[in-house]
Amino acid sequence: MARLYDSRKRILVTGGAGFLGSHLCDRLIAAGHEVLCVDNLFTGTKRNIDHLHAHPRFEFMRHDVTFPLHVEVDEIYNLACPASPVHYQHDPIQTTKTSVIGAINMLGLAKRLDARILQASTSEVYGDPTVHPQPEAYWGSVNPIGPRSCYDEGKRCAETLFFDYHRAMGLRIKVARIFNTYGPRMHVADGRVVSNFVVQALKGLPITLYGDGSQTRSFCYVDDMVDGLIALMASPDTVTGPINLGNPAEFTIRALAEATQRLAGTALPMVRAPLPADDPRQRRPDIAKARSLLRWSPRVPLEDGLRRTIAAFRERLADGVLADAARAPLGATAALAERVPA
Ligand code: NAD
Ligand code: UDP
Ligand code: UDP
């Protein structure tokens with residue numbers, strides 16, 4: 001349903017053809033806004049936004065945010081950046097450029113337009129945390145020169161840029177520290193744990209457990225995350241963040257593997273692979289700030305979210321869309337194939 005013209009905004013979503021970005025585009029269109037989706041299709045796919053192409057308030061632009069972008073919008077959600085370790089480590093220099101130069105360009109755009117701008121930051125700014133759960137006041141424990149650094153330090157530098165533009169030029173900024181989020185439209189060759197386990201369960205492949213599976217993560221369903229991002233953007237200008245968005249229910253990776261199998265109705269062997277370098281041992285958000293400032297907290301428990309994700313992947317596999325894997329970015333499929341015995 002369209003909103004009144006004067007409350008309709010023109011909103012830029014970078015990374016809008018990706019997993020989170022495409023759900024955000026859906027929600028903004030449904031709220032009556034005009035959406036400009038900018039994406040270089042590195043990890044995103046046109047398929048994620050196929051259903052929006054015919055919509056009169058939706059526009060897609062293929063563009064890399066490391067290059068300047070001259071458009072006219074009222075609000076910017078900066079989500080462009082590969083999020084899966086397999087993908088962001090494929091071309092680490094490009095990952096850092098995307099975070100840092102991408103942030104500079106989007107901040108320059110926001111400055112020219114006096115537009116609100118939201119940055120999709122990450123729980124990875126906490127690195128392998130020594131404080132648990134992680135509150136926003138914790139400065140993190142990040143290796144600056146390891147294989148994850150391109151992502152972690154890139155995102156940390158993007159946060160620095162956001163706060164410097166805010167302090168120096170009064171830009172209206174919002175920084176969301178997003179914790180592990182999952183759901184339909186994750187790429188089948190994404191390489192992250194939920195999509196790996198779901199694809200393996202549905203294809204009858206062994207479940208790949210990195211390390212002994214005792215490391216923990218806290219998983220947030222995508223609809224909850226989109227609610228959180230929109231609530232943050234709508235918050236008063238004094239709420240800049242950084243603000244944690246995530247589901248505080250914490251699980252070991254082994255427990256996730258077992259839950260996925262139970263819900264998919266499979267009992268497959270688990271194969272062990274070495275724990276990747278610098279893999280955080282534990283992660284759980286302290287969301288007190290989001291609760292009090294945004295009146296937001298996640299609603300979808302892991303079992304429900306997993307059920308919906310499994311159902312969506314089942315449909316995609318039945319469509320033969322697993323062939324998507326063959327169109328995954330160079331290296332990603334190969335990296336996944338190394339880990340997932342065919
Ligand atoms: P994704 O890989 O599905 O989406 C990222 C999108 O950005 C893709 O469509 C990709 O093609 C696009 N992109 C990458 N580099 C680009 C560039 N240089 N120019 C333009 N577009 C580019 O990942 P996602 O899970 O949807 O993540 C979205 C954002 O949220 C990312 O910034 C990520 O760091 C952040 N985030 C996600 C999670 C999560 O668990 N999903 C957790 C923390 C942070
Ligand atoms: N920029 C952009 N779109 C705009 C305005 C700026 O992509 O509409 C880019 C611009 O190319 C620059 C960056 O944003 O590299 C930072 O802009 P800013 O004005 O802060 O810095 P300056 O142009 O003075 O270096
Ligand atoms: N993981 C795993 N098997 C897989 C993929 C990932 O055991 O097939 C583990 C990984 O080592 C990490 C956790 O699951 O401890 C989450 O990994 P993911 O890549 O999803 O996200 P991140 O490490 O960035 O939180």
Query raised in the report: Which whole-angstrom value gives the distance between the alpha carbon centres of the stretch 24-65 and the stretch 218-235?
Result: 18
Requested in this report: Would you list which aspartates and glutamates come within 12 Å of LYS289, measuring only between C-alpha atoms, while excluding same-chain residues fewer than 8 positions from it?
Outcome: GLU136
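Peptides 29-38, 62-71, 176-185, 294-303: what's the order by average Cβ count within 10 Å, highest mean first? Numbers along the way, then the final one.
Details: 29-38: 19.9, 62-71: 15.4, 176-185: 24.3, 294-303: 17.0.
Packing order, densest peptide first, comes out as 176-185, 29-38, 294-303, 62-71.
Over its Cα atoms, what ratio of radius of gyration to 2.2 N^0.38 Å does the stretch 105-182 give? The partial results should precede the final answer.
Numbers: Rg = 13.6 Å, N = 78, 2.2 N^0.38 = 11.5 Å.
Here the answer is 1.18, to two decimals.
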Query raised in the report: Packing-wise, with mean Cβ within 10 Å as the measure, how do 233-246, 158-171 rank, highest first?
Result: 233-246, 158-171
Query raised in the report: From Cα coordinates alone, what are the radius of gyration and Dmax values for the stretch 103-244 in angstrom?
Result: 17.2, 55
**Report entry** Residue order, fewest to most beta carbons within 10 Å, for THR43, THR122
**Finding:** THR122, THR43
**Report entry** Per-residue [θ]222 nm for the chain (sum of -39500 (n - 2.57) over DSSP H runs n ≥ 4, rounded to 500)
**Finding:** -11000 deg cm²/dmol
Query raised in the report: GNM, the chain, Cα, under 10 Å: largest mean-square fluctuation among VAL271, VAL198, VAL73?
Result: VAL271
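Within 10 Å of each residue's Cβ, count the other Cβ atoms and sort ILE93, ILE253 from fewest upward. Walk me through the intermediate numbers first.
Numbers: ILE93 8, ILE253 20.
So the ranking, lowest neighbour count to highest, is ILE93, ILE253.
Please compute the contact order of the chain in relative form: average sequence separation of alpha-carbon pairs under 8 Å and at least six residues apart, divided by the residue count, as a percent. Write out the running numbers ahead of the final one.
Numbers: 678 pairs, mean separation 59.9, N = 342.
Relative contact order comes out at 18 percent.
Any read-out appearing in this document is the output of simple, stated calculations on the displayed coordinates, not a laboratory observation. Bear in mind the structure is a predicted one, so any value in this text is a computation, not a measurement. Cβ: placed from backbone, ideal geometry, glycine included. Neighbour counts: every protein chain shown.
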